[in-house]
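Data block below; observations after.
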C-alpha cells in the first residue's frame, strides 16, 4: 500500500488528543498495585475494547521501577487466518512513535558535541538549503518542538512516488516557511525527516545503520526496524492493518511510508520495553548506556509551550497532564494502526499500546486513551473534582473571543490550503458568562474562564482539559490552544475563510450553476450556452472536490492527483470564460434583452461565477 499521510482525524484528527474521555464500564480498576492485578486490569480493558470497537488485535507493554510488568499480545495479528498477536514476535507499524528514536539519535550527537541544538540547521547541511525567510535561524530545538514554521503538505493529495535519496526528498518536497521558527507548533513530518538527514550527514552513516549501532543493538532491540516496505523474511510476523467491510474485518496490505522518520518503525511490545526503560533509567538499560543522565533530564523537560499554563513539548516528546501527573510520550497514527507510548519519569513508569485497526468510527484513538487512564488510575484513583471559580468580569468580554479558529497543521500556499475550514473550531458567546466551543463532529461545549484567557469545561470540573487564548499587542484575540494537544495551534481566521461562509458560498453557487445549466437547455442562445458551460464546468469541479474531501482515504494512489488536476482544469476553464459572461450580463441589462426572470437567473449565475473564481484563486485552486 503506498505512502499516505496520517489521517486528518489524526484528523488533527490523527493528530488530535482528547484525554478527558468517559471510562467504559469494563475499565474500572481495583485499588491493588501488584503486577497480577495490573495484568488482569489490562486484559479486561483491552479484550473489552477489541470486542466493542471491532478491532482485531493489540499489543501492550507496561514497565515500572526498572522492570517489565507486562508485555502481552491480545487478539489477532491477521483476523482472516486468526494468527495471534505475540508480544515478543509480532511486529506492529507504530508510525510516529519512531520519531522518538530520531530525537534520541540527535541527543546522542549533541552530548558528543557534534551537534548544537541551537545552531542554524544550515551548519550541518550542504545539499539542502532553505530560502532566507526570517531573521531567526531555524534550529534543531525548533524541529524537536515541531515549531520550525513549516506549512504541512500531503494531508490529502499525494504528490507522486517518493524520491530515492532522503536529500532529494527534502529538496523536492520542501514546504514553505509560513511563520518565524519558535512561534507556533505545527506537527511536521518534514522537520523530523530533516533531522534524520542531519544525523546521517554528521555521523557519516545511513540513518538505520547509525540507529542500529548506537541505540537498537546496545538495548538488545533485535526485532525493531525502520523499513518503508516489509522485507519478505519479516512478512509472516507482521500484524496487518484491518478495515471493517460489510460487518467483517478485512486484512489489508501494509502501507508504504515515504521516509523512515515519517512513521516506518516496525517493532514489538517487548522491544519497546527496553527503549522505555532506558529513558526511565537515566539513559541505560542492563548496563548498556545510550544517553548520559544529564542528557536524559535535558531531553525530558519542557522546552516549548504555547501557554505557560498548558502542556507543550520536551525535546521530541509530547507533554501531557493527566490526573495531576506530568507524562511525556508520543502518538503513532497510520491509516490502519493507532499507537501510544507514554512515560511518567517521576514514577519510573511507562506504557505502550498499539491497535491494528482504526475500529468502528476511529474508536482505536479513544481506546488507547481509555487504557492509559485505566492504568494511571490503577494505583492512584482519580482526584476528586473541584468546583470552578469563574472570573467575575468575563460576560462583558465574551464577544471578543467569538469566531472561527483553524489549525496551523495545514498547507498555506497550495490547493490543500482550502481544507482548513474542515477542522475549524467555532467559538461563540454563550450569553451566560461562558464560551460555547464547538469542535468538528461534536456538539458545542460550555467553557468557564478561571484565569484571564484560560478556560475549563463547565460540565466536568474534574477534567484535565483546558483551553487558552492568546491576544496580540492591540488586544485582539488571535489564537486558541488546547491542553494536551501540543502538536498544533488554532489561528483565528477572517470571515471569508470560515466554514460557515465556505459552506454558504458552495451551496449558493452550486444552485445558481445548476440553474444556468437548466437555462442553457431551455433557452438556447449563445449567451445562455456560455453560462451553461461555465455552470457545468464549475459543477464538475465541485463534484471532484467533494470526492477528494470525502473519499480521499479510499482512492487509489495516483488517483488523487489526477482527480485534482481534472477538477482544477474545469475550474480554470470556467474562470477564463467568466469575463465574457460578465460582459453579456452588463449588455443584457443595458439593452433589456430577454425576460426579467431569465436575466436575473443568468446574472445571478454570472456573479456566482465571479465570486467563485475569487474564492478559487484565494485557495490556490486554479493552478496559477
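For the residues 511, 62, what sequence is obtained by ranking on other C-beta atoms within 10 Å, fewest first?
Numbers: 511 13, 62 26.
Placing the least packed residue first, the sequence is 511, 62.
Full extension from residue 114 to residue 222: what is 0.36 nm times the residue separation minus their Cα-Cα distance, to one decimal in nm?
36.2 nm
What distance in nm separates the simple spin-label points at residue 174 and residue 237, each placed 7 Å from Cα in the Cβ direction?
Distance between label points: 4.0 nm.
At a 10 Å Cβ-Cβ cut-off, how would you order 42, 296, fewest neighbours first?
296, 42
May I ask you to derive the FRET efficiency for residue 89 and residue 134 from their Cβ-Cβ distance with R0 = 45 Å, giving the value to the nearest 0.05? Display every interim value, and only then the final one.
Values: r = 48 Å, r/R0 = 1.08.
Plugging the Cβ-Cβ distance into 1/(1 + (r/R0)^6) gives 0.40.
Given R₀ = 41 Å, FRET efficiency for residue 37-residue 209 by Cβ-Cβ distance, to 0.05?
FRET efficiency, residue 37 to residue 209: 0.45.
Determine by what factor the alpha-carbon radius of gyration of segment 398-493 differs from 2.2 N^0.38 Å, reporting the quotient.
Normalised Rg, Cα atoms only: 1.08.
Would you mind pulling out the separation of the Cα centroids of segment 106-134 and segment 587-608, in Å?
Taking the Cα centre of each part, segment 106-134 and segment 587-608 sit 62 Å apart.
Diagonalise the Cα gyration tensor of the chain and give the resulting equivalent ellipsoid semi-axes, square root of 5 times each eigenvalue, largest first, whole Å. Don't skip to the end; give the middle numbers.
Details: eigenvalues 408, 159, 129 Å².
Working through the eigenvalues yields semi-axes of 45, 28, 25 Å.
Evaluate E = 1/(1 + (r/R0)^6) for residue 586 and residue 562, where r is the Cβ-Cβ distance and R0 equals 35 Å; express this FRET efficiency to the nearest 0.05.
The formula returns an efficiency of 0.40 here.
Counting other beta carbons within 10 Å of each Cβ, put 238, 318 in order, fewest first.
Sorted ascending by nearby Cβ count, the order is 238, 318.
On a C-alpha basis, how far is the centre of segment 561-576 from the centre of segment 283-347 in Å? Whole number, if you could?
Segment 561-576 and segment 283-347 have Cα centres spaced 45 Å from each other.
In Å³ and rounded to a whole number, note down the convex hull volume per residue for the Cα atoms of segment 501-618.
103 Å³
Return P(r) of segment 102-203 (all Cα-Cα pairs; 5 Å bins starting at 0; whole %; ordered from short to long distances).
It works out to 2, 13, 25, 26, 19, 11, 3, 1, 0, in whole percents.
Coordinate-derived values only; no laboratory data. Computed from a predicted model, the values in this text were never measured in an experiment. Positions of Cβ are backbone-derived with ideal geometry, glycine not excepted, and every protein chain shown enters the neighbour counts.
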